[in-house]
1. Taking the options Val216, Val238, Val234, name whichever one is modelled with pLDDT of 95 or more, within 16 Å of ligand 2 (Cβ to nearest atom) and under 20 Å from Val127 (Cα atoms).
2. When segment 232-265 is examined, which residues are found to be among the aliphatic types (A, V, I, L, M), in a helix (DSSP H, G or I) and more than 16 Å from ligand 1 (Cβ to nearest atom)?
3. Looking at Val125, Val101, which is the one that is of a type in the set (Val, Ile, Thr), modelled with pLDDT of 75 or more, farther than 30 Å from Glu213 by Cα and more than 16 Å from ligand 2 (Cβ to nearest atom)?
4. Pull up segment 23-43, narrow it to residues that are over 21 Å from Val216 (Cα atoms) and of a type in the set (Gly, Ala, Ser), then point me to the one that is farthest from ligand 2 (Cβ to nearest atom).
5. Going by the structure shown, is Asp332 over 22 Å from Gly201 (Cα atoms), touching a residue at least 60 places away in the same chain (Cβ under 8 Å), surrounded by 16 or more Cβ atoms within 10 Å (Cβ to Cβ) and more than 16 Å from ligand 1 (Cβ to nearest atom)?
6. What about Thr18, is it in a helix (DSSP H, G or I), within 12 Å of ligand 1 (Cβ to nearest atom) and either in contact (Cβ under 8 Å) with a residue 24 or more places away in the chain or touching a Ser or Thr at 6+ places or on another chain (Cβ under 7 Å) (or both)?
7. Working only within segment 236-258, note down all residues that are among the charged types (D, E, K, R) and over 27 Å from Ala204 (Cβ atoms).
8. I want to confirm something. Restricting to segment 276-307 and keeping residues that are more than 12 Å from ligand 1 (Cβ to nearest atom) and surrounded by fewer than 16 Cβ atoms within 10 Å (Cβ to Cβ), which single residue is farthest from Arg375 (Cα to Cα)?
Amino acid sequence: MSPRVLLFTGKGGVGKTTAAAATATLAARRGLKTLIVSTDTAHSLADALAVEPGEIAPGLHLRQVDTQKTLERHWGELRDYARGVLGELGLDEITSEEITVLPGAEELIALLELREHAREGRWDVIVVDCAPTAETLRLLALPEALDWHVSRLMPVGRKVLRLVSPFVRSVAHVSAPGEDVMNAGERFHRGLMEVRELLTGDHASVRLVLTPEAVVLAEARRTLTSLSLYGYRVDAVVANRVFPAGGADEWRAQWVAAQSRLLAEAEQSFAPLPIHVVPYLPAEPVGKDALAEVGAAMYGDADPFAPHSVEPPLRMSADELSLALPGAGREDVDLARKGDELIITAGPYRRILALPAALARRKISGAALRDGVLRVTWAAQPYDSGSESAT
Ligand SMILES: Nc1ncnc2c1ncn2[C@@H]1O[C@H](COP(=O)(O)OP(=O)(O)O)[C@@H](O)[C@H]1O
Ligand SMILES: [Mg+2]
């Protein structure tokens, strides 16, 4: 049985860690075997829960990734992988110091660990406290972007390798990564793809945390679009730090009014997603009891651990491809075709899709963005090389 995986993301400081910890606490109190992990390198989970990592309550386990230790464990594969891919791309080899400063590297390692936890088979629920929006996105897109490089590079390398013996190779200066390098690289790459499958699969969903502020809301909208672009399924929004109505003073009345305007806007933007509201508490919700209360307020009667019913954003049929891009306007979306690849751009984000053979052979007959869904249709005519472009 696959565990239910719940990811929490949002802008820095909005309450991701709080929402994640509250959800996990609630799960454990309902008797679900729960693991909470953080991919954010600012380890505030233990602070929020006011505990040390380990079994922190009956049925509730907190794991904190020790990046250094995990990096050492995965280092060989990472290095070989980077060497193989970068080498083929004509780039210089990367050093371990460089890889740790690569954006997202630490999170990536945390995600690789996540896959191992999911495999253990002992968890009903895995809650993931993610790093702030942009980082997480880049990272979540990474496996597929790498897949693109690898699927075009690795097979070539393999073929060359099979054709030429090591002796001929050294004489002819054929660049082919060694078999050992390839295996480590492929192993690592498979790990990344498994993480992606886990996080975009039927048992996983993302909860977008925000506070009712204009800047935060704008970013949350873009996050929803890009998560969908990459195939992740958002099943709810959490609106945190909402001032309770009441009280007589002007300052508070103004905040309450401004927030309720923004909440109404959020409801429009995110419909049909439910918005779970968490009040602005009189004190920081630290510790399991306070977090359990946040959890209860956040979900009310809704069951936060029930299977989600969000369709996969990307669907392909014999002559149509559709991709949900909620919140995207026509001016944000761009489509280009290069051979058997479709390159879809939404704002600053880009996804490269390898077309299945049946679609790759034929011409695109039309593309349109309507009601937040991009639809690309294929004609019967064969596709000749060169590139097509449409918006
Ligand atoms: N609803 C709330 N009411 C009062 N304080 C809150 C609330 N939600 C979060 N906080 C506090 O705000 C701070 C930031 O929250 P945190 O969950 O760490 O944000 P993030 O993980 O998004 O950076 C923490 O000190 C937390 O205890
Ligand atoms: Mg946090």
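The values are calculated or read from the model by the stated rules, or taken from the named source; none is laboratory data. Because the structure is a prediction, the values reported are computed rather than measured. Cβ placement follows ideal geometry from the backbone for every residue including glycine, while neighbour counts extend to all protein chains displayed.
1. Numbers: Val216 fails: under 20 Å from Val127 (Cα atoms); Val234 fails: within 16 Å of ligand 2 (Cβ to nearest atom).
Unique residue meeting the criteria: Val238.
2. We begin by selecting, within segment 232-265, every residue among the aliphatic types (A, V, I, L, M); these are 234, 236-239, 242, 245, 248, 253, 256-258, 262-264.
Next cut, in a helix (DSSP H, G or I) only: 253, 256-258, 262-264.
Correct list: Ala253, Ala257, Ala258, Ala264.
3. Values: Val101 fails: modelled with pLDDT of 75 or more.
On inspection, the qualifying residue turns out to be Val125.
4. Residue satisfying both the conditions and the ranking: Gly31.
5. Values: over 22 Å from Gly201 (Cα atoms): yes; touching a residue at least 60 places away in the same chain (Cβ under 8 Å): yes; surrounded by 16 or more Cβ atoms within 10 Å (Cβ to Cβ): yes; more than 16 Å from ligand 1 (Cβ to nearest atom): yes.
Yes: the conditions hold for Asp332.
6. On the way: in a helix (DSSP H, G or I): yes; within 12 Å of ligand 1 (Cβ to nearest atom): yes; either in contact (Cβ under 8 Å) with a residue 24 or more places away in the chain or touching a Ser or Thr at 6+ places or on another chain (Cβ under 7 Å) (or both): yes.
So Thr18 passes the test.
7. Initial filter on segment 236-258 (among the charged types (D, E, K, R)): 241, 249-250, 252.
Asp249, Glu250, Arg252 - these are the residues of segment 236-258 that are among the charged types (D, E, K, R) and over 27 Å from Ala204 (Cβ atoms).
8. Restricting attention to segment 276-307, the residues satisfying the condition of being more than 12 Å from ligand 1 (Cβ to nearest atom) are 288-289, 292, 296, 299-307.
Among the residues that remain, those that are also surrounded by fewer than 16 Cβ atoms within 10 Å (Cβ to Cβ) are: 289, 296, 300-303, 306-307.
Numbers: Asp289: 47, Ala296: 40, Gly300: 37, Asp301: 36, Ala302: 33, Asp303: 33, Ala306: 30, Pro307: 27 Å.
Only one residue fits best here, namely Asp289.
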